[in-house]
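Trainee: Take this structure, written in structure tokens, and hold onto it; I'll ask about it next.
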Amino acid sequence: MIGLSLGRVVALMARYWYVLKGSIPRLLDIAYWPTVQMVVWGFMSVYLREQSGLISGAFGILLAAVLLWDVLFRGQLGLALCFLEDVWSRNLANLFVSPLRPAEMGLAMIGMSLVRTLIGVVPASVLAIWFFGFSVYSLGLALVGFFFTLIMFGWAIGLAVAGLILRWGAGAENLAWGVMFAIMPLAAVYYPVAVLPGWLQPIAWAMPPAYAFEGMRAVLIGHHVDAGLMVRGLALDALYLALGFLAFVRCFELARRRGLILQQGE
Amino acid sequence: MSLQSPAIVVADLVKRYDQVNAVDGISFTVPSGSVTALLGGNGAGKTTTIAMMLGLLVPTSGSVRVLGHDMARQRARVLGRMNFSSPYVDLPHRLTVRENLKVFGRLYGVRDLGRRIQALADTLELDAVLDRPAGKLSAGQKTRVALAKALINEPEVLLLDEPTASLDPDTGDWVRSLLEGYRKGRGATILLASHNMAEVERLADQALMMKQGRIVDRGPPAALIAAYGRTSLEEVFLDIARNRGYAAATVEAAS
């Protein structure tokens with residue numbers, strides 16, 4: 001058994017980074033939507049502060065929610081887009097006849113997703129301080145926990161989406177943009193899980209985002225860190241991430257059996 | 001591995017899709033340091049065979065061993081000693097040629113990569129395009145860049161799918177000279193699929209004639225031409241494509 005190679009992971013990350021650094025429009029696009037979302041929800045918060053006791057008591061609750069939602073969404077999208085870059089450029093066969101392993105490809109896409117997410121979310125979070133006087137960094141160390149709870153789930157879904165694209169071809173690429181919005185109603189981004197009908201609540205608690213967003217509200221409204229929520233969220237993440245890797249590797253093996261790798265991009 | 005011992009051993013290889021055998025029980029060996037050509041019309045099974053030799057495709061039955069390793073199960077052990085080029089597989093368009101070669105050099109664990117890239121740029125006359133995006137090159141330049149990627153790790157086994165497709169005669173001849181030089185200099189084993197019969201006559205030690213997933217004839221190009229009583233491999237190819245065996249072809253050639 002030959003082990004995984006950090007050198008190959010870094011090599012593939014460099015491939016994705018070269019695409020980004022060579023295109024100012026792409027870099028701006030990554031930061032654009034999180035910033036627009038932050039501005040819209042910031043003004044909404046300003047308006048609701050006058051109308052709502054909840055918002056006046058915890059002004060940043062919507063802004064923190066939208067920024068953390070972007071961590072989840074951008075984490076998943078960033079990973080899936082890395083994979084799509086190689087589908088679109090018909091490069092997958094070159095990669096998979098090299099010593100690169102599917103798991104190394106998964107790790108490289110995860111690394112690049114982290115970079116893309118930070119490029120997208122950090123400028124928006126800084127602008128939120130400037131525009132609305134709200135710092136998401138006031139969540140303190142708990143923010144690190146929320147960030148990883150969310151982005152790890154994004155990676156898990158992104159890996160599964162990449163596997164499905166490998167299985168179904170570019171026809172499945174709309175999943176990269178849409179899949180997270182199917183999960184959003186159950187993620188408890190803007191409202192507590194308790195708002196959901198009773199039969200939906202177990203489904204919401206079966207996914208890590210609910211733990212992060214409930215934990216965020218505990219900090220901003222209750223002014224305490226619920227470590228139990230964070231631990232359960234991260235434990236679920238480990239499970240989902242393992243399943244995401246498994247789905248990606250299984251789809252790769254299926255593609256090898258069905259001859260799908262050489263057909264990608266056609 | 002000693003000279004003339006097989007670098008590639010293909011045994012009873014079958015690839016079935018639904019009810020169709022894309023490759024139907026083929027067997028052959030490629031001696032180390034030799035050039036073997038897979039010939040056949042569209043859909044004959046050449047690309048499917050190459051994909052199984054690379055481990056990109058798992059055979060339905062049979063086996064491919066490259067440098068002693070089973071490609072269905074042990075491909076990770078040997079992929080670093082092989083490489084591949086095809087006009088149907090591209091390099092990332094937005095990366096420059098240099099960036100592409102850096103990425104693949106690192107994936108193959110090439111030491112002293114800067115020097116290797118420069119050496120390839122010199123050999124393949126790529127200096128002027130090293131810092132241009134790969135997607136903005138002419139067909140001839142793209143072929144040379146694809147060859148640079150295929151040679152980045154100085155492979156012992158080189159698999160080429162139509163290496164001179166869509167090239168003008170001058171560039172095609174230049175590529176063939178390069179491959180001859182690489183085979184001699186490196187002692188490499190080359191397997192190529194081609195529709196260019198003159199190319200095969202010039203480069204190949206043996207030709208495998210494929211039709212409907214099977215090898216219907218094989219041998220050194222000169223021997224095949226003689227056996228069919230023809231003057232070129234292209235005529236042999238047409239005899240096989242049109243179901244004319246040795247006897248019919250020989251009679252027709254004599255008349």
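Trainee: Measure up B:Lys136/B:Lys184; B:Lys15/B:Lys149; B:Lys15/B:Lys46; B:Lys46/B:Lys136; B:Lys46/B:Lys184 against 22 Å on the Cα-Cα distance and list the ones that go over.
Mentor: Numbers: B:Lys136/B:Lys184 32 Å; B:Lys15/B:Lys149 28 Å; B:Lys15/B:Lys46 12 Å; B:Lys46/B:Lys136 29 Å; B:Lys46/B:Lys184 25 Å.
Too far apart for the 22 Å limit: B:Lys136/B:Lys184; B:Lys15/B:Lys149; B:Lys46/B:Lys136; B:Lys46/B:Lys184.
Trainee: Then there is this: At a Förster radius of 45 Å, what calculated FRET efficiency corresponds to the Cβ-Cβ distance of B:Arg73 and A:Ala182, to the nearest 0.05? Please report the intermediate quantities before stating the final value.
Mentor: On the way: r = 38 Å, r/R0 = 0.84.
Efficiency computed from Cβ-Cβ geometry: 0.75.
Trainee: Taking the Cα centre of segment B:28-121 as the origin, how large is its charge dipole in debye, to the nearest 20, when only Lys and Arg (+1) and Asp and Glu (-1) carry charge on their Cβ atoms? Mind showing how you got there, number by number?
Mentor: Working: 13 positive and 4 negative charges, 71 e Å.
The dipole magnitude comes to about 340 debye.
Trainee: For every helix of n ≥ 4 consecutive DSSP H residues, a contribution of -39,500 (n - 2.57) applies; sum these over chain A, divide by its total residues, and give [θ] at 222 nm rounded to the nearest 500 deg cm²/dmol. Present the calculation step by step, with values, prior to reporting the outcome.
Mentor: Details: 11 runs with 200 residues, N = 266.
Estimated from H runs of four or more residues: -25500 deg cm²/dmol.
Trainee: Follow-up question, since we're still on this one. Quick check: the angle from helix A:6-21's long axis to the longest principal axis of chain A, C-alpha only, nearest 10 degrees?
Mentor: Approximately 70 degrees, to the nearest ten.
Trainee: Once the piece of chain linking A:Phe131 and A:Ala170 is laid out straight, how much longer is it, given 0.36 nm per residue of separation minus the C-alpha distance between them? Before the final figure, lay out the partial values.
Mentor: Working: separation 39, 0.36 × 39 = 14.04 nm, distance 3.98 nm.
Between A:Phe131 and A:Ala170, full extension yields 10.1 nm more.
Trainee: Please give the FRET efficiency for A:Ala238 paired with A:Leu54, using the beta carbon to beta carbon distance and R0 = 35 Å, rounded to the nearest 0.05. It would help to have the intermediate numbers written out before the result.
Mentor: Numbers: r = 33 Å, r/R0 = 0.95.
The pair A:Ala238/A:Leu54 has a calculated efficiency of 0.60.
Trainee: Hey, another quick one. What residues have an amide H closer than 5 Å to that of B:Ala7, excluding those fewer than 5 places away on the same chain, when H is modeled at 1.01 Å from N in the peptide plane?
Mentor: Amide H neighbours of B:Ala7, under 5 Å, 5+ apart: B:Val30, B:Ser32.
Trainee: If r is the Cβ-Cβ distance from A:Glu253 to B:Gln212 and R0 is 22 Å, what FRET efficiency results, to the nearest 0.05? Before the final figure, lay out each step's value.
Mentor: Details: r = 28 Å, r/R0 = 1.27.
With R0 = 22 Å, the Cβ-Cβ based efficiency is 0.20.
Trainee: Could you work out how much longer the chain between A:Met44 and A:Leu27 gets when fully extended? Use 0.36 nm per residue separation minus the Cα distance between them, nm to one decimal. It would help to have the intermediate numbers written out before the result.
Mentor: Numbers: separation 17, 0.36 × 17 = 6.12 nm, distance 2.69 nm.
Between A:Met44 and A:Leu27, full extension yields 3.4 nm more.
Trainee: I want the antiparallel fraction of DSSP beta bridges within the protein assembly as shown, as a percent rounded to 5.
Mentor: Details: 22 of 39 bridges.
About 55 percent, rounded to the nearest 5.
Trainee: Leaving out same-chain residues fewer than 8 places away, which aspartates and glutamates sit with a Cα under 14 Å from that of B:Lys211?
Mentor: B:Asp24, B:Asp239
Trainee: While we're here: How far apart, in nanometres, would the label points at B:Ser5 and A:Val36 be if each is projected 7 angstrom from Cα along the Cα-to-Cβ direction?
Mentor: The answer from the label model is 6.3 nm.
Trainee: Tilt of helix A:61-88 relative to the longest C-alpha principal axis of chain A, in degrees (0 to 90, nearest 10)?
Mentor: Orientation of helix A:61-88: about 10 degrees from the principal axis.
Trainee: May I ask for the angle, rounded to the nearest 10°, between helix A:102-132 and the longest principal axis of chain A, with both axes built from Cα atoms and the value confined to 0 to 90°?
Mentor: Approximately 30 degrees, to the nearest 10.
Trainee: Placing unit charges on C-beta atoms (Lys and Arg positive, Asp and Glu negative, everything else neutral), compute the dipole magnitude of the protein assembly as shown about its Cα centre in debye, rounded to 20.
Mentor: Values: 47 positive and 39 negative charges, 149 e Å.
For this selection, approximately 720 debye.
Trainee: Turning to a different aspect of this structure: Quote the charge dipole size of segment A:6-258 about the Cα centre in Debye, to the nearest 20; the model charges only the Cβ of Lys and Arg (+1) and of Asp and Glu (-1). Could you put the intermediate results ahead of the total?
Mentor: Numbers: 16 positive and 11 negative charges, 149 e Å.
Rounded to the nearest 20 debye, it is 720 debye.
Trainee: Based on alpha-carbon centroids, what's the gap between segment A:35-68 and segment B:123-182 in Å, whole number please?
Mentor: Each part's Cα centre sits 57 Å from the other's.
Trainee: Roughly how many whole Å is it from the C-alpha centroid of segment A:214-259 to that of segment A:159-197?
Mentor: 13
Trainee: Around A:Glu85, what is the net charge, scoring Lys/Arg as +1 and Asp/Glu as -1 over all other residues with Cβ under 9 Å from its Cβ? Spell out each step's value before the answer.
Mentor: On the way: positive: A:Arg15, B:Arg94; negative: A:Asp86.
Residues close to A:Glu85 contribute a combined charge of +1.
Trainee: Related question: Between A:Ile221 and B:Ser177, how many nm apart are label points set 7 Å from Cα along the C-beta direction?
Mentor: The answer from the label model is 7.8 nm.
None of the figures in this text is laboratory data; all of them are computed from the coordinates on show. All figures in this text were calculated on a predicted structure; none of them were measured in a lab. Here the Cβ is made from the backbone with ideal geometry for all residues, glycine too, and neighbour counts use every protein chain on show.
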